[in-house]
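Engineer: Before anything else, here's the structure in question.
The values are calculated or read from the model by the stated rules, or taken from the named source; none is laboratory data. The structure displayed is predicted, hence computed values, not measured ones. All Cβ positions, glycine included, derive from the backbone under ideal geometry; neighbour counts span all protein chains shown.
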Amino acid sequence: MEEKIVILGNGFDLRHFLPTSYNHLISILCEIEKLPEKKEIIYFSDLFDGIFKEKNKWFHEKIIEYYHTESLVFDSKAIQSIQARLKENSWFQYFKSVDENKIETWIDFETEIERILFSVLEYFESVNKGEFKKPRYEGINGKKVFSVPISLQKEYFKNKLQISFLKYFGLFQEDNQNLYIIENFILAIGNEIQYFKERDFFNLLYNKLEEFIGIFNDYIVNIISLFYDNFRLEKKENFILKSEKLLFENVNQIFSFNYTFTYNFFYKTDISNAENDFLREIKVKSKKIEDYYQFVHGNALLNWTDYKSNNLIIDLCKMKIVLGVDDIHDSLKKHKLFQFTKYFQKLHKQTDYLFLKNFESTNGTKSGDKYIFYFWGHSLDYSDRQYIREIFDLIENSNGSKIKVFYHSISAKGDQLKNLLAIINKEKIERFMKFNILEFIESTPENLFNEL
């Protein structure tokens with residue numbers, strides 16, 4: 001028996017012209033941050049006709065072409081809740097300050113997290129080793145404070161980038177002449193800093209990252225999800241269905257690296273009869289298909305915040321989205337900073353599925369079974385190497401099985417192939433392609449319907 005398994009990445013959402021890329025998120029969050037406080041009615045134009053349109057003109061036009069954007073009105077209390085948290089979130093404040101050419105994708109985002117952690121740890125270790133001076137004692141209005149003169153910062157820090165990290169994430173505050181260390185993160189006896197409370201500071205960084213993940217969660221629930229009910233029905237032909245045939249009709253299993261409900265809405269319901277209250281209905285849909293459609297890195301939750309009352313209630317323990325680094329440097333492992341990794345978060349948030357468990361026997365693959373694995377909208381990046389290697393190993397031990405990779409452009413195909421070569425040895429890649437075990441297919445509507 002031949003089984004078809006689809007692996008979905010962010011390109012799947014983008015194919016539906018949903019603003020789910022990293023740059024889309026940051027652009028819209030910047031617009032939310034600067035909205036007038038307590039704005040009662042928030043339209044599509046309030047969030048999408050500024051920075052987003054300027055940076056994504058073609059995508060903006062496609063959204064309008066495929067969705068009734070004139071009908072989009074966002075929940076003002078939900079947006080105000082996001083706005084209030086943005087102003088206090090150090091990760092957002094840092095990321096919005098970074099040049100967009102430096103962080104273009106979610107992969108770049110993950111890389112930047114590790115770079116920040118490494119730089120902060122490097123500061124602590126350098127000071128502890130005496131390579132840089134500790135902040136000096138200074139009495140101000142009878143209060144004990146420790147500061148670094150800005151004019152002498154080369155004696156205290158590695159470079160300006162390190163200073164920037166330490167300021168953004170709250171170890172130091174700055175005035176015109178000095179940087180002042182926050183006393184919560186040091187133990188001082190007399191006029192001397194004895195040591196830094198490194199664990200407390202890294203816990204703060206993690207809690208702020210979780211808060212940022214919560215903002216991202218609410219972006220999906222309160223902005224992305226509203227697009228589903230406003231899809232232009234005349235666009236579904238040759239896009240979602242063709243001659244009454246839905247995409248995915250011949251698929252046996254789907255694994256998604258996304259956090260959204262795009263598949264649930266477009267391909268598991270009749271969108272011509274969709275209810276308006278998407279947020280209520282999606283709960284039922286998700287439960288019905290959870291065995292067939294699995295979220296590899298968790299999914300957005302509907303009710304983890306209570307923004308409808310006067311008091312904002314946030315329960316970080318309910319968060320299900322996994323968003324972190326693939327792994328951490330050995331120096332970071334010594335300090336047990338595993339909470340920033342995806343594998344820790346998957347276990348801690350209980351989102352970790354036994355990937356491919358239904359397709360393997362104790363001795364490898366199920367006897368006689370053949371599989372076709374499709375990657376759609378997935379970059380095949382090194383950060384997901386664990387899953388990719390599992391698939392290649394399964395295919396290698398299964399006669400007649402294949403891997404097919406959808407690509408949307410020649411340059412994207414080249415990037416996907418380069419990423420694969422960084423994960424799988426080139427001899428195996430060459431052999432798989434020579435014998436048509438590995439195939440790249442352009443993601444045209446015709447090809448998608450023929451294959452899926």
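Engineer: Those residues that are under 15 Å from Y66 (Cβ atoms), part of a helix (DSSP H, G or I) and hydrophobic (A, V, I, L, M, F, W, C), I need them from the stretch 190-245; list them, please.
Structural biologist: Within the stretch 190-245, I224, L226, F227, L233 meet the criteria.
Engineer: Could you check the stretch 246-282 and list, in sequence order, the residues that are modelled with pLDDT under 85 and not in a helix (DSSP H, G or I)?
Structural biologist: K268, T269, D270, A274, E275, N276, D277
Engineer: Could I ask something else about it? I need a count of the residues in the stretch 1-43 that are in contact with an Asp or Glu (Cβ under 7 Å, 6 or more places away or on another chain) and outside any helix (DSSP H, G or I).
Structural biologist: 4
Engineer: Of all residues being of a type in the set (F, W, Y) and part of a helix (DSSP H, G or I) in the stretch 102-159, which is modelled with the lowest pLDDT? Just the residue, please.
Structural biologist: W106
Engineer: Something else: Given (1) modelled with pLDDT of 95 or more; (2) more than 30 Å from L247 (Cα to Cα), identify the lone condition not met by K87.
Structural biologist: Of everything listed in (1) modelled with pLDDT of 95 or more; (2) more than 30 Å from L247 (Cα to Cα), K87 misses just condition (1).
Engineer: I need every pair where a residue in the stretch 314-339 that is more than 13 Å from L117 (Cα to Cα) and part of a helix (DSSP H, G or I) has its Cβ under 6 Å from the Cβ of a residue that is modelled with pLDDT under 85 and hydrophobic (A, V, I, L, M, F, W, C), sequence separation at least 6 or different chains.
Structural biologist: As it stands, the answer is K318/W304, since those pairs meet every condition given.
Rundown of residues vs (1) among the small types (G, A, S); (2) buried (at least 16 other Cβ atoms within 10 Å of the Cβ); (3) under 31 Å from the mean Cα position of the chain (by Cα); (4) under 22 Å from F92 (Cα atoms), yes/no style:
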residue	(1), (2), (3), (4)
F132	no, yes, no, no
E138	no, no, no, no
S151	yes, no, no, no
Y156	no, yes, no, no
L204	no, yes, yes, yes
I213	no, yes, yes, yes
F216	no, yes, yes, yes
L226	no, yes, yes, no
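Engineer: A further question on this structure: Quick one: is E2 under 26 Å from S379 (Cα atoms), surrounded by fewer than 19 Cβ atoms within 10 Å (Cβ to Cβ), modelled with pLDDT under 95 and acidic (D, E)?
Structural biologist: yes
Engineer: Would you pick out the residues in the stretch 44-63 that are assigned to a helix (DSSP H, G or I) and over 18 Å from N222 (Cβ atoms)?
Structural biologist: I51, K53, E54, K55, K57, W58, F59, H60, E61, K62
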